[in-house]
Amino acid sequence: MAASSVGSTVAATIAYDQLRAQAFLDYLDAVTPANSEGTLSTVPTVFGGNFQARTSSDSDPPVNWLILANMTTQVNVAQKNLTGGYLNQPGYPPSPLVLQALDSVDAFLTAFVSKLKANNLYTSTLIIVAAKHGQAPINPTLFKEIDPALITAQVGVPIAHQTSDDIALIWLNSTSDITTATENLARNATALRILNIFAGANASAFGFGSPLTDERVPDVIVQPELGTIFTTSKKKMAEHGGLSNDDRNVACFVSHPSLKKTVFNETVGTTQVAPTVLQVLGLDVRELQAVGAQGVQALPGFV
């Protein structure tokens, strides 16, 4: 079920998340959730959804793995909403709509922790709260819209496919046109509010891969100025998927009774969650290809 199938209002998405939250509370009680197949007699060893996955291990002490992530569908909707977002005031405080969404997430987390404690699972459960993306812009005064058709028109060469939001990904009919397309867009950078263009070897240098050897890699990646969204929608004031700090910087909280309360000031990445999971469960993190290819480490505090 997609959030859009139950409406795009904050109230609707809170209700949608409540259905999933209740299912996980049922799992922790070894109760079969409504509309589920089969019958539970014990708390499942592994269960999951798009915001939670849990598994137990035989480590000493035992760790029941619990990830609470992507619970912010309603926050996403609240920030995009023209009546939501962040206020044009010092510090850009959340609007009442965003606060409502955040309060609902807090209530879900409180319910999970309370259930874990009631079922004597809390002291053996590791909880990670994070998000898969941020949202841009946080500062509402930076919000601007550019019709993606204007990007298409200025490319000046045949396009096979284009997807646009707060970044534009462009696949050309021929990679031989990459230089021409890049030059055409660069000449119109000011009018189109373009900050950076990544294409060809330039894209490879920034870690996007090479469109010359991998057809999945866009031939041209257009990064707009912060706050600019390539859209004609009049229903939103923020979006995600781009390269700005607002898009990419998210909070990450890790909790376990055996961990000391600590703040790590260095930058960490959500890619570090997966090797942390394996390490905590006593599995070989080197089995992950990314660990070998990119040297991804577990989150600090677990090394």
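Bear in mind these aren't lab numbers, they're just calculated from the coordinates by the rules spelled out. Everything numeric here is computed off the predicted structure, so don't read it as measured data. Here the Cβ is made from the backbone with ideal geometry for all residues, glycine too, and neighbour counts use every protein chain on show.
Answer rounded, prolate or oblate for the chain, using the Cα gyration tensor with square roots of eigenvalues a ≥ b ≥ c: rounded when a/c is under 1.5, else prolate when a/b is larger than b/c, else oblate.
Working: a/c = 2.14, a/b = 1.58, b/c = 1.35.
It is prolate, given that a/c is not under 1.5 and a/b is the larger ratio.
Separation of region 220-284 from region 68-142 is 13 Å, based on Cα centroids.
Each peptide in 142-150, 221-229, 31-39 gets a packing score, the mean of other Cβ atoms within 10 Å over its residues, and the list from highest to lowest is 221-229, 142-150, 31-39.
Cα-Cα over 21 Å: which of 132/261; 132/234; 80/234; 117/260; 144/234? Those over the limit are 132/261; 132/234. Placing a pseudo-label 7 Å from each Cα along the Cα-to-Cβ vector at residue 173 and residue 147 gives an inter-label distance of 2.3 nm. Scan around residue 194 for amide H atoms under 5 Å from its own, H built in the peptide plane at 1.01 Å from N, and keep only partners 5 or more places away or cross-chain. Amide H neighbours of residue 194: 225.
Could you work out how much longer the chain between residue 286 and residue 262 gets when fully extended? Use 0.36 nm per residue separation minus the Cα distance between them, nm to one decimal.
On the way: separation 24, 0.36 × 24 = 8.64 nm, distance 2.69 nm.
Once the chain is fully extended between residue 286 and residue 262, it gains 5.9 nm.
Residues of region 123-140 with amide nitrogen under 18 Å from the 7 Å Cα-to-Cβ point of residue 294? Once the point is set 7 Å along Cα→Cβ of residue 294, 130-134 turn out to lie under 18 Å by backbone N, inside region 123-140.
Counting only DSSP beta bridges with both residues in the chain, tell me the antiparallel percent, nearest 5. The antiparallel fraction comes to roughly 75 percent.
Binning the alpha carbon pair distances of region 142-230 at 10 angstrom intervals from zero yields the distribution 19, 56, 24, 1, expressed in whole percent.
The modelled label-to-label distance between residue 120 and residue 103, using points 7 Å beyond Cα along the C-beta direction, is 3.7 nm. Pairs of Cα atoms nearer than 8 Å and 6+ residues apart set the relative contact order; for the chain it is 17 percent.
Applying the Karplus relation 6.51 cos²θ - 1.76 cosθ + 1.60 with θ = phi - 60° to region 192-202 yields 3J(HN,Hα) values of 8, 6, 8, 8, 9, 10, 10, 7, x, 4, 4 Hz, where x marks Gly and Pro.
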